[in-house]
Ligand SMILES: NC(=O)c1ccc[n+]([C@@H]2O[C@H](COP(=O)([O-])OP(=O)(O)OC[C@H]3O[C@@H](n4cnc5c(N)ncnc54)[C@H](OP(=O)(O)O)[C@@H]3O)[C@@H](O)[C@H]2O)c1
């Protein structure tokens, strides 16, 4: 199936690692030009090299703190200069889940969760809109979380921020529908990204959980967050990349305002 991405201009914020990177790799394989936004220069450079090797005719990274509106506006001005328009924006960056009880979460953690979980996507979408409006076709994909559908007592701030993002996504789908800019949410379940595995690596050794083993990853999620799934293992980020790429492609021409689970079957178990 041709996704219609050859030569398309795509920006993946949070695209240097994890699921954002997995999505960027799929866009590159389809021949899209790809801009990545993240902070760490080294991982951006490595990701950009990888995208070129996969077939992207033009890939570049812009070191940008997504908590800084002026930096975001500068980044999209540069994307405008390089691409002249934008077909697809993927908002993939998000906060980590701190695993604290509600009455232990300080205000600054609530605010940080909303800054990266919702406001980063708001700011990027706002800065991207003039570029999206210049394109023949345009899509926005917001990466939320399955925990908005199945609560965990230890994830109140994280989940609230992700629920805000899901709501904003639905609202934008309505607002931008008349312009045929399609806006969708992809809600991952448990995915063994770099950050996920780094958090697992901090667990006491006696628990015997291996961050490189997807079955152990799911055991951690079941035991500590109460999130079982139909499948007995966590996902590999490479398993969600193609879903994000399809949702963000020209080939997706009639799905908007949707919230798609990619979670091993976990929202109503
Ligand atoms: N992993 C899971 O199980 C899971 C489950 C449900 C939902 N999610 C959500 O899915 C998305 C991807 O998660 P992931 O685990 O794949 O993430 P990840 O591996 O931690 O990657 C996060 C990306 O965002 C960038 N980033 C983080 N903070 C940033 C900031 N302030 N400014 C600019 N870039 C920033 C990171 O690069 P730098 O650090 O270099 O900036 C990196 O490219 C997130 O929104 C997450 O909340 C994850």
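Being in a helix (DSSP H, G or I), over 15 Å from the mean Cα position of the chain (by Cα) and within 16 Å of the ligand (Cβ to nearest atom) is the filter here, so list the residues in region 1-42 that pass it.
Within region 1-42, 28, 41, 42 qualify.
Can you spot a residue in region 196-209 that is surrounded by fewer than 15 Cβ atoms within 10 Å (Cβ to Cβ), assigned to a helix (DSSP H, G or I) and within 11 Å of the ligand (Cβ to nearest atom)?
Taking every residue of region 196-209 in turn, at least one turns out to be surrounded by fewer than 15 Cβ atoms within 10 Å (Cβ to Cβ), assigned to a helix (DSSP H, G or I) and within 11 Å of the ligand (Cβ to nearest atom).
Which ones in region 238-269 are within 13 Å of the chain's Cα centre (by Cα) and assigned to a loop (DSSP other than H, G, I, E, B)?
Within region 238-269, 240, 248 meet the criteria.
Within region 136-148, which residues are surrounded by fewer than 18 Cβ atoms within 10 Å (Cβ to Cβ) and either under 24 Å from residue 237 (Cα atoms) or touching a residue at least 60 places away in the same chain (Cβ under 8 Å) (or both)?
137
For region 149-187, give me each residue that is over 15 Å from the mean Cα position of the chain (by Cα), within 20 Å of residue 95 (Cα to Cα) and either modelled with pLDDT of 95 or more or in a helix (DSSP H, G or I) (or both).
Those that are over 15 Å from the mean Cα position of the chain (by Cα), within 20 Å of residue 95 (Cα to Cα) and either modelled with pLDDT of 95 or more or in a helix (DSSP H, G or I) (or both): 156, 157, 160, 167.
Select, from 89, 67, 62, 51, the only residue that is touching a helix residue (DSSP H, G or I) at 6+ places or on another chain (Cβ under 6 Å), buried (at least 23 other Cβ atoms within 10 Å of the Cβ) and not in a helix (DSSP H, G or I).
On inspection, the qualifying residue turns out to be 89.
Could you tell me which residue of region 210-237 is nearest to the chain's Cα centre (by Cα), considering only residues that are at pLDDT below 90 and in a loop (DSSP other than H, G, I, E, B)?
227
For residues in region 77-101 being farther than 25 Å from residue 243 by Cβ and at pLDDT 95 or above, which is farthest from the ligand (Cβ to nearest atom)?
Looking at the filtered set, the residue picked out is 84.
The values are calculated or read from the model by the stated rules, or taken from the named source; none is laboratory data. Worth saying up front: this structure is predicted, and the values here are computed from it rather than measured. Using ideal geometry, Cβ is built from the backbone for each residue, glycine included, and neighbour counts are taken over all protein chains shown.
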